[in-house]
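Read-outs throughout are calculated quantities, based only on the coordinates presented, and are distinct from any laboratory measurement. Fair warning: this is a prediction, and the values are worked out from it, not measured in the lab. Cβ coordinates were reconstructed from backbone atoms using ideal geometry, including for glycine residues, and neighbour counts include every protein chain displayed.
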């Protein structure tokens, strides 16, 4: 009996230690060298401060025609390099751009990824930066983590047009879905709870309040919400729930056949057509 108890305790301790290590890995910084902007973007390297405490690295290019600027950021563990092709077609259309690395990503400083909590301050700082550079109207493109960051600050971003892609409705759903993909749906709810309860002592915020579906209704910006029909990280039903919670004017585009991936890379010219049409209307 003692041996059974010892084995049980050892297994339990090993399990909690393993989950702590998983939490350490997924919240660790994803910093790397990004470098100068591709020549086609006609953009300079800039830095600005964020209330997240980070120094944010970015590429900035003033509008080539008109006075509208689009702010772009990336998904989790990415960098502004992921947005270079989106920035290219916006530049070709004459828009100004600011493409930035969120805190703890790319060339920005930061000690932990916080899945939208601190990154929301970076999104607000990016909008403030382009406004200080005399942008008269501002759009924002945010896939996944970046889209959540547009909605999770003290107030949603104050912009004139908002493109959100594959944004999780609640952080709990995001974690549960990802565990289910790897380990199965039977254990996902329990393991996600165990991981989420690490967040407060480790990162200093309540993960159960990280819920874009509860804040999107406060956004005043016209919305283009893009979802993949085959996305299992943020399911179509979850995107539809986010869409229902948003104010008008709003549009939902379901990219048939797309999973949790770059919708621009997947849909190409159709993505560009829809985004330019949307920004053309509101910017």
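Could you give the nm distance between label points at residue 33 and residue 265, where each point is 7 Å from its Cα heading toward the beta carbon?
2.3
First measure r as the distance between the Cβ atoms of residue 42 and residue 214, then evaluate 1/(1 + (r/R0)^6) with R0 = 45 Å and state the FRET efficiency to the nearest 0.05.
FRET efficiency, residue 42 to residue 214: 0.70.
Quick one: compute the contact order of the range 2-282, relative version, from alpha carbon pairs under 8 angstrom and 6+ residues apart, as a percent.
15
Gap in Å between the Cα centre of the range 107-121 and the Cα centre of the range 49-87?
Comparing the Cα centres of the range 49-87 and the range 107-121, I get a distance of 14 Å.
If I fit a long axis through the Cα atoms of helix 171-183 and take the longest principal axis of the Cα atoms of the chain, what angle between them do I get, 0 to 90°, rounded to 10?
60
If r is the Cβ-Cβ distance from residue 230 to residue 206 and R0 is 35 Å, what FRET efficiency results, to the nearest 0.05?
0.65
Taking the beta-carbon count within 10 Å as an exposure proxy, list 113, 97 from fewest neighbours to most.
So the residues, fewest neighbours to most, are 113, 97.
If a/c stays under 1.5 just call it rounded; otherwise compare a/b with b/c (prolate if a/b is bigger, oblate if not). Do that for the range 114-258, with a ≥ b ≥ c from the square roots of the Cα gyration tensor eigenvalues.
It is oblate, given that a/c is not under 1.5 and a/b is not larger than b/c.
With angles folded into 0 to 90 degrees, how steeply does helix 2-27 sit against the dominant principal axis of the chain? Use alpha carbons for both and round to 10.
10
Quote the FRET efficiency, to the nearest 0.05, computed for residue 155 versus residue 181 with a Förster distance R0 of 41 Å and r equal to the Cβ-Cβ distance.
0.80
Report the far tail of the P(r) of the chain, meaning the percent of Cα-Cα pairs longer than 27 Å.
In whole percent, the long-distance tail amounts to 38.
Expressed as a rounded percentage, what relative contact order does the range 68-154 have, with Cα pairs under 8 Å and six or more residues apart?
In percent, rounded to a whole number, it is 40.
If packing is taken as the average count of other Cβ atoms within 10 Å, what order do 25-32, 181-188 fall into, highest mean first?
Answer by packing, highest mean first, reads 25-32, 181-188.
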